[in-house]
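> Encoded as structure tokens, here's the structure I'll be asking about.
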């Protein structure tokens, strides 16, 4: 159900896979600089939002995400990833730069789709799954 929802929002199953890799990379890179222990979902969520508030598009990226690394992680052919990334860039989801690599474009609209649509749905799905498992 999670994958289905992501694919609906992204419009294409491959875009959904690519965006999951890109968003996780962005999330980990965003909170990497914060010196705090994170032990709950709420702390993790707060740390990401704090990082988004201080997002600097010109900041150096310690470990850049490349089309090759996305292709390797997903198992998709390089050329497929390159075309899908180009399309996601056109849609405003990503930016691509030789120096910074493939980067999530954290606009208010994009964040709203990720946080309100995907993550809220994901929380419901996890709760439902756990309740079914415990019965």
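The values are calculated or read from the model by the stated rules, or taken from the named source; none is laboratory data. Please read these numbers as outputs of a predicted model, since none were measured by experiment. Quick reminder, even Gly has a Cβ in these numbers, built from the backbone with ideal geometry, and neighbours come from all protein chains shown.
> Going by the conditions given, is residue 114 within 18 Å of residue 12 (Cβ to Cβ) and at pLDDT 90 or above? I'd like the intermediate steps shown before the answer.
Details: within 18 Å of residue 12 (Cβ to Cβ): yes; at pLDDT 90 or above: no.
The answer is no for residue 114.
Matching residues to (1) more than 16 Å from the chain's Cα centre (by Cα); (2) over 18 Å from residue 26 (Cβ atoms); (3) assigned to a loop (DSSP other than H, G, I, E, B); (4) modelled with pLDDT under 90:
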residue	(1), (2), (3), (4)
70	no, no, no, no
73	no, no, no, no
76	yes, yes, yes, no
80	yes, yes, no, no
83	yes, yes, no, no
88	no, no, no, no
92	no, no, yes, no
96	no, no, no, no
102	no, no, no, no
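> Looking only at the stretch 1-10, which residues are free of Cβ contacts under 8 Å to residues at least 60 places away in the same chain and loosely packed, with under 15 Cβ neighbours inside 10 Å?
Across the stretch 1-10, the qualifying residues are 3, 4, 8.
> Any residue that is modelled with pLDDT of 85 or more, outside any helix (DSSP H, G or I) and farther than 19 Å from residue 113 by Cβ - is there at least one of those in the stretch 43-65? Spell out the reasoning first.
Initial filter on the stretch 43-65 (modelled with pLDDT of 85 or more): 64-65.
Filter again for outside any helix (DSSP H, G or I), leaving 64-65.
Next, only the ones that are farther than 19 Å from residue 113 by Cβ stay: 64-65.
The answer is yes, given that some residue of the stretch 43-65 is modelled with pLDDT of 85 or more, outside any helix (DSSP H, G or I) and farther than 19 Å from residue 113 by Cβ.
> Follow-up. Could you give me the residue pairs with C-beta distances under 7 Å whose first residue belongs to the stretch 84-95 and is at negative phi and in contact (Cβ under 8 Å) with a residue 60 or more places away in the chain, whose second residue is surrounded by 12 or more Cβ atoms within 10 Å (Cβ to Cβ) and in a strand (DSSP E or B) wherever it lies, and which are 6+ apart or on separate chains?
So the pair list comes out as 85/94; 85/96; 85/102; 88/94; 94/102; 94/103; 94/104.
> Filtering the stretch 11-42 down to residues that are modelled with pLDDT of 85 or more and in contact with a helix residue (DSSP H, G or I) (Cβ under 6 Å, 6 or more places away or on another chain), which residue is surrounded by the fewest Cβ atoms within 10 Å (Cβ to Cβ)?
Once the filter is applied, the top-ranked residue is 13.
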